[in-house]
Amino acid sequence: MAKMQSQAEMTWPAPAKGVSNKRADANHVYVAGLPDASGDFSGFTDDATSQTYLAAVDGLPRAFYLYPNVTSDPYFYWFGQILPDMSSDGGVTAASTFKSTWNAASRISRYTQWGGLDT
């Protein structure tokens with residue numbers, strides 16, 4: 001079996017902001033809400049399984065682990081539960097590929113061997 005080349009991306013946009021005014025405030029006062037976590041990953045479609053498709057259509061959260069560089073630093077990774085979407089693309093003379101876009105279904109945490117959880 002050929003080694004699958006894949007690509008992944010995660011984003012943490014600034015937390016949503018809301019107005020928290022008191023009667024005595026001279027101007028609007030903003031407070032930060034909860035941070036958001038989302039991303040995507042892509043690769044070549046494995047036609048021996050429908051696992052990616054099933055994860056996208058059943059609505060259940062899936063375990064997620066992202067190792068930015070598993071070869072040189074296998075003890076640094078992100079993990080949590082995600083809700084994935086899926087799209088697929090292919091052609092007559094091209095390999096079939098997929099892309100999964102996801103949103104967090106739980107807290108997405110970072111782990112490092114030097115500081116432990118969320119460092």
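Looking only at residues in the range 49-76 that are in a loop (DSSP other than H, G, I, E, B), of a type in the set (Ser, Thr, Tyr) and touching a strand residue (DSSP E or B) at 6+ places or on another chain (Cβ under 7 Å), which one is surrounded by the most Cβ atoms within 10 Å (Cβ to Cβ)? By that ranking, first place goes to Tyr67. Does the range 82-90 contain at least one residue that is at pLDDT below 85, in contact with a Pro (Cβ under 8 Å, 6 or more places away or on another chain) and either more than 23 Å from Pro15 (Cβ to Cβ) or in a strand (DSSP E or B) (or both)? There is no residue in the range 82-90 that is at pLDDT below 85, in contact with a Pro (Cβ under 8 Å, 6 or more places away or on another chain) and either more than 23 Å from Pro15 (Cβ to Cβ) or in a strand (DSSP E or B) (or both).
Scan the range 6-17 and give yes if some residue there is at pLDDT 80 or above, assigned to a strand (DSSP E or B) and closer than 22 Å to Leu117 by Cβ, otherwise no. Taking every residue of the range 6-17 in turn, none turns out to be at pLDDT 80 or above, assigned to a strand (DSSP E or B) and closer than 22 Å to Leu117 by Cβ. The residues on offer are Ser100, Ser87, and the sole one that is touching a Lys or Arg at 6+ places or on another chain (Cβ under 6 Å), touching a residue at least 12 places away in the same chain (Cβ under 8 Å) and surrounded by 12 or more Cβ atoms within 10 Å (Cβ to Cβ) is Ser87. Suppose the filter is modelled with pLDDT under 90 and in a strand (DSSP E or B); does Ser100 pass it? Criteria met by Ser100.
None of Ala37, Ala94, Ala26, Ala32 is closer than 30 Å to Trp114 by Cα, hydrophobic (A, V, I, L, M, F, W, C) and free of Cβ contacts under 8 Å to residues at least 24 places away in the same chain except Ala32. Scanning the range 73-119 for residues that are aromatic (Phe, Trp, Tyr) and under 11 Å from the mean Cα position of the chain (by Cα) turns up Trp78, Phe79, Trp102.
The values are calculated or read from the model by the stated rules, or taken from the named source; none is laboratory data. Worth saying up front: this structure is predicted, and the values here are computed from it rather than measured. Cβ atoms come from the backbone with ideal geometry, glycine included; neighbour counts cover every protein chain shown.
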